[in-house]
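As structure tokens, the structure follows; a few thoughts come after it.
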Amino acid sequence: MGEFDFIARHFRPLAGKGAMELRNDGATMSVPVGEELVLSSDTMIEGLHFLPDDPARSIAQKLLRCNLSDLAAMGSRPCHYMLNVSVPADRHYDERWFTEFAEGLEADQKQFGMTLLGGDTTGSPFPLMLNVTILGTVRRGEALRRNGSQPGDGVWVTGSLGRAALGLQVRLGKLRHADTSLVEAYRVPTPRVGLSLYGIVSAAMDISDGLVQDCGHIAEESGIAITLFEELLPFSEAVRAHLTEYRETILLGGDDYELLMTCPADQEEVLQKHCETHGVPVTKVGTVTEGQGVTVLDKHHRPICFSRTGWQHF
Ligand SMILES: [Mg+2]
């Protein structure tokens with residue numbers, strides 16, 4: 001199987017306008033007047049970001065959705081993506097695997113309104129490596145950022161937290177859980193694209209490395225302190241059932257791909273209405289104050305101490 005046949009079979013059907021059927025050295029794209037490009041890139045490596053026996057379809061979807069979540073965090077709408085694939089020769093990544101992989105890409109292209117613009121395919125002595133660079137647009141100057149939080153703002157998150165982190169524990173055989181909801185959340189996240197939060201929220205990012213650490217990024221970029229209230233955090237019933245035993249996994253684990261935002265008090269109602277209109281659950285989970293670092297308070301309003309240390313100031 002040659003590289004060119006491989007690309008033609010699996011990826012040419014995914015190519016959109018500007019990709020010129022992937023027959024040239026590059027692609028073209030135009031940006032509507034008054035808008036600017038938002039670019040983001042994410043790599044997934046076998047064994048590190050997905051497990052070799054995860055379904056090819058869900059690996060493709062997770063690859064796109066991690067990237068889509070970054071666009072959502074920037075307030076941008078997706079239009080195209082570039083795909084780089086490094087395929088190990090001696091593994092089970094065969095024709096059938098890539099057919100399913102391409103089906104996953106196609107399904108999410110349709111759902112999120114974007115097309116493949118180009119990329120590269122190569123053989124490799126390493127585990128399967130997948131990289132997507134995603135391209136989106138935003139009205140000029142209206143990309144969301146991490147640095148606008150002010151003391152007095154509230155801290156908000158979309159969706160519910162901790163399901164993916166527990167799903168990984170289930171996949172690794174470290175946690176027993178009766179239904180598939182946690183593993184599903186780990187395999188196929190729900191990026192919050194389509195919201196228009198510019199002028200409503202003061203800062204935004206997506207939660208990919210764990211709630212506490214990602215709050216730390218907003219705190220640092222904005223020069224403020226964040227206090228989270230554990231009792232306010234949105235947990236599904238499945239997560240709540242494991243909260244006592246897996247508190248650190250839930251609060252420090254990653255892969256949520258929900259939005260983390262800070263919002264001035266006078267915009268809170270607007271934020272809630274906007275999210276409700278789009279069918280996105282949103283919850284106030286904390287407050288912004290002067291200072292630095294992130295504190296999580298338990299239901300008795302005592303700071304929770306985590307065993308993992310790092311940059312956080314508790
Ligand atoms: Mg991100």
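Laboratory data are not the source of any read-out in this text; all were calculated from the coordinates shown. Treat the numbers as computed from the prediction; the structure is a model and nothing was measured. Here Cβ is always computed from backbone atoms with ideal geometry, including for glycine, and neighbour counts include all displayed protein chains.
Quick notes on this structure:
- Among the listed pairs Lys110/Lys284; Lys62/Lys174; Lys62/Lys284, a Cα-Cα separation exceeding 30 Å is found for Lys110/Lys284.
- Sum of -39500 (n - 2.57) over DSSP H runs of 4+, divided by residues of the chain (222 nm, nearest 500): -9000 deg cm²/dmol
- Going from the residue with the fewest nearby Cβ atoms within 10 Å to the one with the most, Glu95, Glu106 rank Glu95, Glu106.
- Three-way shape label, the stretch 218-281, alpha-carbon gyration tensor, a/c 1.5: oblate
- Relative contact order of the stretch 154-297, pairs being alpha-carbon contacts under 8 Å that are 6 or more residues apart, as %: 45
- Modelled FRET efficiency - R0 41 Å, Met29 with Glu221, Cβ distances, 0.05 increments: 0.90
- Positive-pole candidate from Phe50, Ile7, Gly194, dipole of the chain, charges at beta carbon: Gly194
- Ordering of 131-140, 170-179, 209-218 by burial proxy (mean other Cβ atoms within 10 Å per residue, highest first): 209-218, 131-140, 170-179
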